[in-house]
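In what follows, a structure is listed as structure tokens, so that the remarks can point back to it.
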Amino acid sequence: MNATRGTILDPDMRGATMIAGVDGTSQGWIAVLCDDDLGNLRACFIERLTELPHELRVAAVDVPMGLPDRGAREADHRARQALGEPRRKSVFPCPIRPALGAHLWEEACTRTERVEGRRISKQTFGILRKVEETDRLIRSESWARRIFHEVHPELSFAKWAGRPMTYKKKHPAGREERLKLLNDVFGPRAFETALETIRGHYIARDDLADAFAAVWTASRIVKGNAERLPERWPEPVDSKGVSMHIWV
């Protein structure tokens, strides 16, 4: 495995057979990249999504894509239904588009309340910068529109295991049940090796596990086995034409 900081467009990571699972961190993003068949695995910390190889076949990213001008997304409602209690709480309410650009939680609350009469949660505000970065990239770059797919790790783990996870991801038992899935598919040393290569970038174990779950779904997308929520056609899009669904 290799790990770098900043750009990861070195020659051995290029090519149309590569896929990625990406999860946000406090300092940037953690990416797990591999071949379509989940081989040749490597982990990498990047500061911006623009540092991903543009030639990837799929980048499965744990961040809302496609934002409502008001109200909730059907994709989030379906995701909560699929997870049930208590894992449904892991699906945070998606921010509405008018909240983008708010620099303070109070400002985001004011913008949201003006439209919907409710305040934005601190959890949702916590991912607002990541949502803005992704939305800006999808709307401005054709390569991002081509390869980016929204995923939610808890949905990925639930599909992987055939049931929702029993424990929270930060609970010791929750870490173990997720790690067992990873070990069964990627090998008993893959996770720890990836963790070692990105040590020093303030990556939590659960963030790395989420990136593994995302790349597992990326492989399903490439193979044509993935599902999306909602499944209806035509697909729902936001006012900017961005699709609003979650792949699993």
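Just so it is clear, none of the values below were taken in a lab; they were calculated from the coordinates. Every value quoted in this text rests on a predicted model; they were computed, and no experiment measured them. Because the Cβ atoms are built from the backbone with ideal geometry, glycine has one as well, and the counts that use them run over all protein chains shown.
Scan region 72-82 for residues that are surrounded by fewer than 22 Cβ atoms within 10 Å (Cβ to Cβ) and either at positive phi or not in a loop (DSSP other than H, G, I, E, B) (or both) and jot them down.
Once the filter is applied, which keeps residues that are surrounded by fewer than 22 Cβ atoms within 10 Å (Cβ to Cβ) and either at positive phi or not in a loop (DSSP other than H, G, I, E, B) (or both), region 72-82 yields Glu74, Asp76, His77, Arg78, Arg80, Gln81, Ala82.
Just checking: which of the strands (runs of 3 or more DSSP E) contained wholly in region 16-71 hold 3 or more residues that are in contact with a helix residue (DSSP H, G or I) (Cβ under 7 Å, 6 or more places away or on another chain)?
18-24, 29-35, 58-61
When you look at Asn225, is it within 24 Å of Met18 (Cα to Cα), outside any helix (DSSP H, G or I), without any contact (Cβ under 8 Å) to a residue 60 or more places away in the chain and of a type outside the set (A, V, I, L, M, F, W, C), yes or no?
Against the criterion (within 24 Å of Met18 (Cα to Cα), outside any helix (DSSP H, G or I), without any contact (Cβ under 8 Å) to a residue 60 or more places away in the chain and of a type outside the set (A, V, I, L, M, F, W, C)), Asn225 qualifies.
Filter region 135-167 for residues that are surrounded by 16 or more Cβ atoms within 10 Å (Cβ to Cβ) and in contact with a Gly (Cβ under 7 Å, 6 or more places away or on another chain) and give the result.
Scanning region 135-167 gives Pro164, Met165.
If we keep just the residues of region 168-198 that are crowded, with 20+ Cβ neighbours inside 10 Å and not in a helix (DSSP H, G or I), which is farthest from the chain's Cα centre (by Cα)?
Ile198
List pairs: first residue in region 127-138 and in contact (Cβ under 8 Å) with a residue 60 or more places away in the chain, second residue of a type in the set (S, T, N, Q) anywhere in the structure, Cβ distance under 8 angstrom, at least six positions apart or on different chains.
Cβ pairs passing all conditions: Leu137/Thr50.
Is it fair to say Ala158 is closer than 28 Å to Cys44 by Cα, in contact (Cβ under 8 Å) with a residue 24 or more places away in the chain and of a type in the set (Gly, Ala, Ser)?
Working: closer than 28 Å to Cys44 by Cα: yes; in contact (Cβ under 8 Å) with a residue 24 or more places away in the chain: yes; of a type in the set (Gly, Ala, Ser): yes.
In short, yes.
How about region 116-128: which of its residues are closer than 15 Å to Gly71 by Cβ, of a type outside the set (Val, Ile, Thr) and assigned to a helix (DSSP H, G or I)?
Glu116 - this is the single residue of region 116-128 that is closer than 15 Å to Gly71 by Cβ, of a type outside the set (Val, Ile, Thr) and assigned to a helix (DSSP H, G or I).
Kindly provide the set of residues from region 88-109 that are part of a helix (DSSP H, G or I), farther than 30 Å from Met165 by Cα and free of Cβ contacts under 8 Å to residues at least 24 places away in the same chain, ordered by number.
Start the filter on region 88-109 by keeping residues that are part of a helix (DSSP H, G or I), which leaves 88-90, 97-99, 105-109.
The next check asks that each one be farther than 30 Å from Met165 by Cα; those that pass are 97-99, 105-109.
The answer is Trp105, Glu106, Glu107, Ala108, Cys109.
Would you point out which residue out of Glu113, Glu85 is surrounded by fewer than 17 Cβ atoms within 10 Å (Cβ to Cβ) and assigned to a helix (DSSP H, G or I)?
Answer to the selection: Glu113.
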